[in-house]
């Protein structure tokens, strides 16, 4: 049984467990710098971590209040050993439910081009021109909730 936990405290275990997943996925696996991964928006975000029945952190993400009525879904990461188990979809559903509870009807995200097909399966559409982050091509995507 997978359970979801939320926090907005940078001292909470939910944040710290998620941060370890982010470091493994984005810094160690994908080669992003730690300075990009841990940014100036950390304290303004709300963090989600998915845990196994035995309380092992498996996947994480954060939501950032981007603009009035718009939230940006960010730092979406699933441990390599847990991929293919629908945890990415679970993260997206949990974040969308949270954003809707805040009264928002639009979520956006910056997707690595290699992940666009996943986000399209979740109902997101590409908009605008592509951009690069540390040499990795990205596109903005959005979904009406």
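The values are calculated or read from the model by the stated rules, or taken from the named source; none is laboratory data. Quick caveat, the model's predicted, so the values are computed rather than measured. Positions of Cβ are generated from backbone atoms using ideal geometry, with glycine treated the same way; all protein chains shown enter the neighbour counts.
Confirm whether residue 99 is out of contact with any helix residue (DSSP H, G or I) (no Cβ under 8 Å at 6 or more places or on another chain), within 23 Å of residue 139 (Cα to Cα) and surrounded by 20 or more Cβ atoms within 10 Å (Cβ to Cβ). Considered against the rule, which asks whether it is out of contact with any helix residue (DSSP H, G or I) (no Cβ under 8 Å at 6 or more places or on another chain), within 23 Å of residue 139 (Cα to Cα) and surrounded by 20 or more Cβ atoms within 10 Å (Cβ to Cβ), residue 99 comes out as yes.
Screening the candidates 111, 59, 107, 77 for the property of being more than 19 Å from residue 19 (Cβ to Cβ), modelled with pLDDT of 95 or more, under 11 Å from the mean Cα position of the chain (by Cα) and buried (at least 20 other Cβ atoms within 10 Å of the Cβ) yields one hit, 111. Scanning the range 105-118 for residues that are in contact with a helix residue (DSSP H, G or I) (Cβ under 8 Å, 6 or more places away or on another chain) and within 21 Å of residue 30 (Cβ to Cβ) gives 109, 111, 118.
Okay, residues lined up against (1) under 15 Å from the mean Cα position of the chain (by Cα); (2) surrounded by 18 or more Cβ atoms within 10 Å (Cβ to Cβ):
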| residue | (1), (2) |
| --- | --- |
| 65 | yes, no |
| 123 | no, no |
| 134 | no, no |
| 143 | yes, yes |
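Of all the residues in the range 47-64, those that are within 17 Å of residue 140 (Cα to Cα) and out of contact with any helix residue (DSSP H, G or I) (no Cβ under 7 Å at 6 or more places or on another chain) number 1.
Selection within the range 1-14: residues that are touching a residue at least 40 places away in the same chain (Cβ under 8 Å) and touching a strand residue (DSSP E or B) at 6+ places or on another chain (Cβ under 8 Å). The member of this set that is farthest from residue 62 (Cα to Cα) is 2. If the Cβ limit is 8 Å and pairs must be 6+ apart or interchain, which residue in the range 131-145 that is within 12 Å of residue 32 (Cα to Cα) pairs with which residue that is exposed (fewer than 13 other Cβ atoms within 10 Å of the Cβ) and at pLDDT below 95? Matching pairs, first to second residue: 133/36; 134/31; 134/33; 134/36.
Within the set 119, 131, the sole residue that is outside any strand (DSSP E or B) and farther than 22 Å from residue 52 by Cβ turns out to be 119.
Applying the criterion of being more than 20 Å from residue 83 (Cα to Cα) and touching a strand residue (DSSP E or B) at 6+ places or on another chain (Cβ under 6 Å) to the residues of the range 15-56, the residue that is surrounded by the most Cβ atoms within 10 Å (Cβ to Cβ) is 15.
Can you tell me which residues in the range 88-104 are within 27 Å of residue 68 (Cβ to Cβ) and either at pLDDT 95 or above or out of contact with any strand residue (DSSP E or B) (no Cβ under 8 Å at 6 or more places or on another chain) (or both)? Residues satisfying the conditions are 91, 92, 93, 94, 95, 96, 97, 98, 99, 100, 101, 103.
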